[in-house]
Protein chains: 4
Amino acid sequence: MKSLNVGLIGTGYMGKCHALAWNAVASVFGDVPRPRLAVLAEASQDLAERKARELGFERATGDWRRLVSDPDIDVVSITTPNAFHPEMAIAALEAGKHIWCEKPMATKLEDAERMLAAARASGRVAALGYNYIQNPAMRLIRRILEEGRIGEVNHVRLEMDEDFMANPEDLFTLKSEASSGHGALDDFGVHPLSLLRALLGGVRRMCGHMAKPYADRPVQGGGRRKVETYDIATVLMELDNGASGVLALNRSAWGRKGRIFVQIFGSKGTVVYDQERMNEVQLYTVDGLKETQGFRTILTGPQHPPYDRFIPAPGHGLGFNDLKIIECRELMRRIGGEKAHLIEFEDGIRIERTVDAMARSAHEGRWVEVAAGG
Amino acid sequence: MKSLNVGLIGTGYMGKCHALAWNAVASVFGDVPRPRLAVLAEASQDLAERKARELGFERATGDWRRLVSDPDIDVVSITTPNAFHPEMAIAALEAGKHIWCEKPMATKLEDAERMLAAARASGRVAALGYNYIQNPAMRLIRRILEEGRIGEVNHVRLEMDEDFMANPEDLFTLKSEASSGHGALDDFGVHPLSLLRALLGGVRRMCGHMAKPYADRPVQGGGRRKVETYDIATVLMELDNGASGVLALNRSAWGRKGRIFVQIFGSKGTVVYDQERMNEVQLYTVDGLKETQGFRTILTGPQHPPYDRFIPAPGHGLGFNDLKIIECRELMRRIGGEKAHLIEFEDGIRIERTVDAMARSAHEGRWVEVAAGG
Amino acid sequence: MKSLNVGLIGTGYMGKCHALAWNAVASVFGDVPRPRLAVLAEASQDLAERKARELGFERATGDWRRLVSDPDIDVVSITTPNAFHPEMAIAALEAGKHIWCEKPMATKLEDAERMLAAARASGRVAALGYNYIQNPAMRLIRRILEEGRIGEVNHVRLEMDEDFMANPEDLFTLKSEASSGHGALDDFGVHPLSLLRALLGGVRRMCGHMAKPYADRPVQGGGRRKVETYDIATVLMELDNGASGVLALNRSAWGRKGRIFVQIFGSKGTVVYDQERMNEVQLYTVDGLKETQGFRTILTGPQHPPYDRFIPAPGHGLGFNDLKIIECRELMRRIGGEKAHLIEFEDGIRIERTVDAMARSAHEGRWVEVAAGG
Amino acid sequence: MKSLNVGLIGTGYMGKCHALAWNAVASVFGDVPRPRLAVLAEASQDLAERKARELGFERATGDWRRLVSDPDIDVVSITTPNAFHPEMAIAALEAGKHIWCEKPMATKLEDAERMLAAARASGRVAALGYNYIQNPAMRLIRRILEEGRIGEVNHVRLEMDEDFMANPEDLFTLKSEASSGHGALDDFGVHPLSLLRALLGGVRRMCGHMAKPYADRPVQGGGRRKVETYDIATVLMELDNGASGVLALNRSAWGRKGRIFVQIFGSKGTVVYDQERMNEVQLYTVDGLKETQGFRTILTGPQHPPYDRFIPAPGHGLGFNDLKIIECRELMRRIGGEKAHLIEFEDGIRIERTVDAMARSAHEGRWVEVAAGG
């Protein structure tokens, strides 16, 4: 595997997260060549230079187009606001770069479809930043399912809740404008749907509902403006595998900080996961004596790879940023021609089509079907 | 308040629970006269006599009609299988008895409507056995809501899960026959809906879905029989108060034993409750320093009446049967002409109409509305 | 088994608890004859009569001596403050009554020894009110230990914490007077030690420490008075079976309401129990695949007798008062000549000797040994 | 602040952890200059070179003495087995290097005292790897204590449990040899004691006990060998601030993976922390309405610095390795002449003296005092 020269566009929440991952991946895993943090692009040259210093990139540019056309660059991390993804991703792919683009692909489905076409045409790796699937806990769940430990799955419940929109007196922002998307459904829904896809597959029928907890919000300088997006969404689902499901999303859920709650019911057991306790998996199986059956709390440890690459002792805990490091290594393996555990555009588009269908269903107040295979 | 002469029909799970409540209510509360456990009716005279001895009833009969027509009896506990409720309840009401009937009212909505008519015509108290609403924890939640501690409620999630139908190799029973009802929806749904009604009110629009985890089950003697009921149900809801909601029910949920999980989101906080930990309430509010906000686990205690009538020390724990004792005392107060916290037929019918509409919605695959006020 | 005529002395916290148990035991279990609630004694005739009405006793007396000498009475519940136990218990035993005395036996060890002598001389059953050992959860733990599910036990940690003494500005009461005993050690210590005895046996060596969180407390009318008792106690232990142990007690532990936390470590697993979640047992064993080992939360249910006598469905929850009902039935079986699971004076005295030795050890600042067998 | 040239000795569990921290610290914090990972020393040149490549060090050596005498090096990470610390630390300090030495300082107290003398003589920074104190959760607790949120602390309980020695059939290793130290007491005790020191200060009197869960262990090739160390230790404590305390340690505690359980009781509230859920703090305070008091679970977030340097969203979770990055930045600030939150040799020696006194106390079976200030 040859070393990769990395370009990074954007240095916000996810930009820093990518930078930390590129910086750490070789030391953590020891089985991939150390990437060169080559170029960082930001909105201005000044900002780019400051951030390049902070994040350890060699060069800086205020023009992302120069980064994507730089012949020295092998792979581009795209971490700008979602509306910028299509243009940047397509340009990078057309310039022959591999890309690692934050989720969701785009704010409009047709843009995402164009991105997919560009990825197919380029023959390059186009991976999405669905890092929750990289959690060793999540891999353990996948293995539990694959090994039939809970039998055949027949029902799934997915919840994702945070509270950054919970205060009705917070100022009106872009998040409440229709141009930003539907609301919780696309802002949040893609995360639990990525877990669903990684664990069980797609959704074939769905009936959605969206709600506004607050009709309006204060505007800077006085007055109030009508909220245009839906901070709450709920969806009934029939999965490809025949199981029934529910999805519930709330970005105005006071007290929830990073909750993604997953309940998977099968014919021989149940698995439960809560992202706020990301180093734990709850498992109930019908093995053994009835009098001592119960949900067990499994703490992740070295027996749940690649936890062992971070810490040799069990129960010591990975953090959110560690998931990105795992994702980065999967991407590097994929670029190197190996099999990897990643959501690429081919799968990502299915998540976006599903979200689109859910929103349609909510607007039309009826069940909607998605073509087989999403 | 005069002492009541009690008749009990049925001595199964709920029959015993009623007997224990009638027996304990005066000693626990000290503010209601000791009821006389007068007559017990069972399927045969023999069984009735044995059970009367065990449960402390003075007389026994193998004919419930003799019990409901006994001039000595003031109030009749009806705890037989649901299909028997209509006939027994109507006969008792027509004989001028107060009744305490287990939920749900009936297996068919038209029967429940007839029961309501009989109750109205009789002028007697016709109460239902929705004992979960009697939990001091639930009363605390009601008070939290009424005092606006979590602001205006905008989203609710209700789950009820047990695992008595979870084993696909358990024999086919009545529970899997269409004659027993829809399945989880009426078997379970009424419980969370009773909490919803006691806390927040009714449901005006709904879109349901029902699923069968297992297509067939083994039959005694060999072979398999097709399952006719739905062990899983999920429903999107719009509440009378404008909030959005989700209801999810699963009586084949491995590992869940008596879980009724309630999440209520408001503009200033969130309340969470789990029936499997029935002496706890989770509350998040935005009061105080941001750095120490968090969900607090409130253990019920003497400050949450009527816990104090059972135990003077906090955190020592009530049990499921204690809820029935509280319900019994509410019923006695109601019969005595006082205000009481009970679900009577007038409210109960709204729960049953809601369940009926949910089932209709599931069968027709579309949203259904219920007339205002349920 | 013949029916018992019951006398009750005292109607406080525990008096009511006894009354409820005597009243419910036959209905709950169905396998013991219904006791006759014959006589209730309280400090005055008036109070006794009022309480007898409330709690369902036939007769009332303001003189407990009349109760214990009443030839009609078979068994006497003694639930008065601890200082009264010796006189009452000895009188009742000498009058040929069985007794059910609340714990601890006495405020002074020599009194407890006299009580034991009286019990031996009488040939009657002299049982103590250690109801926590009656929890089906606790019986499950005993069975787990007996079956070797966690191997050989080598370490135990016991904690008991409540917060009724936690407020330093609460008025000085009897609990802070030396005459009431040592403090947390005898007030609380007997409970976890009763669990220890029921599960694992006695303590042979110990080194204790006692502490006063608050030097003084306000006195009604002004001023402050020095606190004479120790609200906190900690003890190192060597158990009869060779295991090491720690005991920690705090009756000024803010936020703890009825916590008795038990951790038992063995060569093949670990058991954990928290009285505040009295329907749960935590069990870790090394069986099965390493990758899915974890502490499992076992919810008690019908498979954990005698839970089934209360409720046929699992996970629905017993309450604190239910434990007394179980204890009452054990007592009735014992009086009837059957084997029973009870702490009688013969075992109770060992608990009191242990507490006494712990206090001595704390006062003298050194390890103390207890004669083999307590 | 000038950039630092870093030397690393050792590449085991903690060596890798140091390497990851040096590599990430500048990118995470953005306010310290990027360190140069200059030289890595391992037992052989070959191994050193392989590890240098993996962990991103420029040069490698099989001789640690060359590293500590390298004029290019500013600071040396010492992560070798504890027995090597004294020689390496003293050599590095004498060569004028700052050092970052893993805990504990040494296997014998006199060696630790020599290390302290060398540090004093050198005038260099000599920091210890007590990374648990760096957790934002722990800093929050410190702030809660300093602000008097739980009033005056009067009782503390500390537990540390893992299960790497729990299997009695695991082969005899160095950990069971007396030369490795006392056992759990020095292996584990320093961790909770570091938390205690960072939060509340030192221990002035103590009475310890040590126990061997397993008398012997199998030896490779057959037979069994007597265990010489104590996998379990328990200690009663009187703290410098007057509070009473208990310390319980068990490295054969089945099911515990990285549990450090801390309970701090004060006159106005209680704080509880569990290292296995390192992103949570439990807090009970007596503020507000009594009916809604309860332990609240605080999820760490950006309001708990320096969490914000890792992730801008709350509740997303830091991991164990992140704590080392925070420690690394504190060290860099300290070297740069700023105030920092670190345990240096001056404090570390107090922890080791405390452990030494605890072991003495256990061996002699009596209370032992430590000079004021440890």
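The numbered conditions (1) within 7 Å of another protein chain (Cβ to nearest Cβ); (2) under 22 Å from the mean Cα position of the chain (by Cα) are all true for A:Thr229 except (1). If the condition is being of a type in the set (Gly, Ala, Ser), closer than 16 Å to A:Ala126 by Cβ and either assigned to a strand (DSSP E or B) or at pLDDT 95 or above (or both), then the stretch A:57-110 contributes A:Ser77, A:Ala89, A:Ala91, A:Ala92, A:Ala95, A:Gly96. From the list C:Leu318, C:Leu323, C:Leu342, C:Leu331, the lone residue that is in contact with a Gly (Cβ under 6 Å, 6 or more places away or on another chain) and at pLDDT 95 or above is C:Leu318.
Consider B:Gly181 carefully, then state whether it is touching a Leu at 6+ places or on another chain (Cβ under 6 Å), within 18 Å of B:Leu249 (Cβ to Cβ), assigned by TED's automatic domain parsing to the domain that holds B:Ala340 and crowded, with 19+ Cβ neighbours inside 10 Å. Taking the combined requirement at face value, the residue does not satisfy it.
Residues of the stretch A:83-100 include at least one that is surrounded by 23 or more Cβ atoms within 10 Å (Cβ to Cβ) and closer than 30 Å to D:Ile325 by Cα. For the stretch B:207-242, filtering for residues that are over 25 Å from A:Ala211 (Cα atoms) and open to solvent by 60 Å² or more (accessible area, probe 1.4 Å) leaves 8.
Within the stretch B:149-161, residues that are on the phi > 0 side of the Ramachandran plot sit with their Cβ atoms under 6 Å from residues that are assigned to a strand (DSSP E or B) and surrounded by 24 or more Cβ atoms within 10 Å (Cβ to Cβ), at 6+ positions apart or across chains, in these pairs: B:Gly151/B:Gly266. Scanning the stretch C:306-329 for residues that are facing another protein chain (nearest Cβ under 7 Å), of a type in the set (A, V, I, L, M, F, W, C), closer than 28 Å to C:Gly151 by Cα and touching a residue at least 60 places away in the same chain (Cβ under 8 Å) turns up nothing. Of all residues in the stretch C:30-56, those that are of a type outside the set (A, V, I, L, M) and either crowded, with 21+ Cβ neighbours inside 10 Å or in a loop (DSSP other than H, G, I, E, B) (or both) total 9. Flag not set for C:Tyr230, criterion: hydroxyl-bearing (Ser, Thr, Tyr), in the same structural domain as C:Ala359 (by TED's automatic domain parsing) and in contact with a Phe, Trp or Tyr (Cβ under 9 Å, 6 or more places away or on another chain). When we screen C:Thr173, C:Thr107 for residues that are open to solvent by 20 Å² or more (accessible area, probe 1.4 Å), without any contact (Cβ under 8 Å) to a residue 60 or more places away in the chain, within 25 Å of C:Arg225 (Cα to Cα) and among the polar types (S, T, N, Q), the only hit is C:Thr173.
In the same structural domain as D:Gly181 (by TED's automatic domain parsing) and surrounded by 24 or more Cβ atoms within 10 Å (Cβ to Cβ): is that true of D:Leu249 in this structure?
Here the answer is yes, as D:Leu249 does meet what is asked.
Among the criteria (1) within 14 Å of another protein chain (Cβ to nearest Cβ); (2) closer than 23 Å to C:Leu158 by Cβ; (3) open to solvent by less than 10 Å² (accessible area, probe 1.4 Å), the one D:Leu196 does not fulfil is (1).
Looking at the stretch B:288-304, which of its residues are assigned to a loop (DSSP other than H, G, I, E, B), open to solvent by 20 Å² or more (accessible area, probe 1.4 Å) and either within 13 Å of chain A (Cβ to nearest Cβ) or at pLDDT below 95 (or both)? Result: B:Gly288, B:Leu289, B:Gln293. Scanning the stretch D:52-91 for residues that are within 24 Å of the chain's Cα centre (by Cα) and within 30 Å of A:Ala52 (Cβ to Cβ) gives D:Leu55, D:Asp74, D:Val75, D:Val76, D:Ser77. Return only the number of the condition from (1) away from chain B (no Cβ under 14 Å); (2) crowded, with 20+ Cβ neighbours inside 10 Å that A:Ala121 does not satisfy. Every listed condition holds for A:Ala121 apart from (2).
So that you can scan it fast, the table gives a plain yes or no per residue for (1) farther than 30 Å from D:Gln293 by Cβ; (2) under 15 Å from the mean Cα position of the chain (by Cα); (3) away from chain C (no Cβ under 13 Å):
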site	(1), (2), (3)
D:Arg142	no, no, yes
D:Met160	no, yes, no
D:Pro168	yes, no, no
D:Ala184	yes, yes, no
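Here D:Ile343 clears all of (1) more than 14 Å from chain A (Cβ to nearest Cβ); (2) open to solvent by 50 Å² or more (accessible area, probe 1.4 Å) except the condition numbered (2).
State whether one or more residues within the stretch C:266-275 are within 14 Å of chain B (Cβ to nearest Cβ), of a type in the set (D, E, K, R) and touching a residue at least 60 places away in the same chain (Cβ under 8 Å). For the stretch C:266-275, residues within 14 Å of chain B (Cβ to nearest Cβ), of a type in the set (D, E, K, R) and touching a residue at least 60 places away in the same chain (Cβ under 8 Å): absent. All told, B:Tyr284 falls short of being open to solvent by less than 20 Å² (accessible area, probe 1.4 Å), within 18 Å of the chain's Cα centre (by Cα) and of a type outside the set (Gly, Ala, Ser).
Going through the stretch C:5-19 one residue at a time, which ones are more than 17 Å from the chain's Cα centre (by Cα) and open to solvent by 10 Å² or more (accessible area, probe 1.4 Å)? Of everything in the stretch C:5-19, those that are more than 17 Å from the chain's Cα centre (by Cα) and open to solvent by 10 Å² or more (accessible area, probe 1.4 Å) turn out to be C:Asn5, C:Thr11. Give the stretch A:305-353 a look and list any residue that's assigned to a loop (DSSP other than H, G, I, E, B) and in contact with a Ser or Thr (Cβ under 9 Å, 6 or more places away or on another chain), or say none. Passing the criteria: A:Pro314, A:Gly315, A:Gly317, A:Leu318, A:Ile343. Selection within the stretch D:22-51: residues that are closer than 22 Å to A:Ala313 by Cβ and at the interface with chain A (Cβ under 10 Å from one of its Cβ atoms). The member of this set that is nearest to the chain's Cα centre (by Cα) is D:Trp22.
The values are calculated or read from the model by the stated rules, or taken from the named source; none is laboratory data. Predicted model, so just to flag it, every value in this text is computed and none were measured. Counting neighbours? That spans all protein chains shown, and the Cβs are built from the backbone with ideal geometry, glycine included. All accessible areas refer to the heavy atoms of the entire protein, side chains included, with ligands and DNA or RNA removed. Shrake-Rupley method; radii C 1.70, N 1.55, O 1.52, S 1.80 Å.
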